[in-house]
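Some notes on the structure that comes next.
The values are calculated or read from the model by the stated rules, or taken from the named source; none is laboratory data. Model, not experiment: these values are computed from the prediction. Cβ placement follows ideal geometry from the backbone for every residue including glycine, while neighbour counts extend to all protein chains displayed.
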Amino acid sequence: MADPQAALATQLRNIEARTGKTLAELRAMVAASGLAKHGEIRAWLQQTLALGYGDANTLAHVARQAEAPAAMGAEDPLDAIYTGPKAALRPLHARIVEAIDRFGPYEVAPKKGYVSLRRRKQFAMVGPATATQVEIGLNARELPADPRLKPQPAGGMCTYKLRLSTPQEVDAALVGWLRAAYDAAG
């Protein structure tokens with residue numbers, strides 16, 4: 001599998017070459033635009049710099065990501081996700097990630113309330129559902145029936161969701177479902 005960070009670096013170099021602007025200049029342009037929503041920034045970049053959808057989308061993400069740690073007041077995105085009463089769920093999150101780390105390389109894309117786990121495409125998302133439960137979304141086809149797995153409507157971000165309350169629930173069945181999703185995304 002190609003290194004996602006190397007692919008991103010190549011794409012950003014290509015954007016700099018096409019626009020004749022450095023990444024710092026491009027980020028400053030986005031900041032000066034006054035736009036805050038990702039879709040608005042992407043459309044503005046497409047129109048202003050004549051970028052394609054993919055390049056504009058990546059640049060919008062990178063520009064907004066540069067502002068996110070300062071805005072969230074945290075170096076580690078998990079610090080912002082697992083705060084207050086949800087802080088007690090952080091060890092459960094860590095246990096889930098430990099299991100996934102054994103599969104091989106993948107990308108972690110923090111969002112506002114969860115983290116997206118990706119290979120070529122998203123295979124799982126993990127984040128607090130309540131103050132006492134972590135929710136896992138899985139992208140895997142036809143997992144065996146289990147009362148813990150809740151099938152999701154077609155067209156959603158995940159095909160299954162489940163909630164965990166204790167580290168003991170990170171069992172062989174869950175690891176198998178995570179592995180199936182990981183393999184399917186690769």
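Here's a check for you: in the stretch 148-186, which residue that is touching a Gly at 6+ places or on another chain (Cβ under 7 Å) and in a loop (DSSP other than H, G, I, E, B) is farthest from GLY137 (Cα to Cα)? Per the stated criteria, the residue is MET157.
To keep it simple, each residue is scored yes or no on (1) in contact with a Gly (Cβ under 7 Å, 6 or more places away or on another chain); (2) part of a helix (DSSP H, G or I); (3) more than 22 Å from LYS111 (Cα to Cα).
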position	(1), (2), (3)
LYS21	no, no, yes
ALA32	no, yes, yes
GLU40	no, yes, no
LEU59	no, yes, no
VAL62	no, yes, no
GLN65	no, yes, no
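ARG119 passes every criterion in (1) surrounded by 12 or more Cβ atoms within 10 Å (Cβ to Cβ); (2) farther than 24 Å from ALA9 by Cβ apart from (2). Scanning the stretch 109-132 for residues being in contact with a strand residue (DSSP E or B) (Cβ under 7 Å, 6 or more places away or on another chain) and part of a loop (DSSP other than H, G, I, E, B) gives a total of 3.
Condition check ((1) closer than 20 Å to PRO167 by Cα; (2) not assigned by TED's automatic domain parsing to the domain that holds LEU178) across all residues:
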position: ALA28; (1), (2): no, yes
position: GLN47; (1), (2): no, yes
position: ALA50; (1), (2): no, yes
position: TYR53; (1), (2): no, yes
position: PRO91; (1), (2): yes, no
position: GLU107; (1), (2): no, no
position: LYS111; (1), (2): no, no
position: TYR114; (1), (2): yes, no
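Look at the stretch 17-44: where a residue is closer than 11 Å to ALA60 by Cβ and a partner is among the charged types (D, E, K, R) and part of a helix (DSSP H, G or I), sitting 6+ places away or on another chain with Cβ atoms under 8 Å, you get LEU26/GLU16; VAL30/ARG64; HIS38/ARG64; ILE41/ARG64.
Conditions tested, residue by residue: (1) at pLDDT 90 or above; (2) within 27 Å of GLN5 (Cα to Cα); (3) not small (Gly, Ala, Ser).
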| position | (1), (2), (3) |
| --- | --- |
| VAL97 | yes, yes, yes |
| PRO110 | no, yes, yes |
| PRO128 | yes, yes, yes |
| ARG148 | yes, no, yes |
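Any idea which residue in the stretch 127-158 is surrounded by the most Cβ atoms within 10 Å (Cβ to Cβ), counting only those that are acidic (Asp, Glu) and at negative phi?
Applying the filter and picking the extreme gives GLU135.
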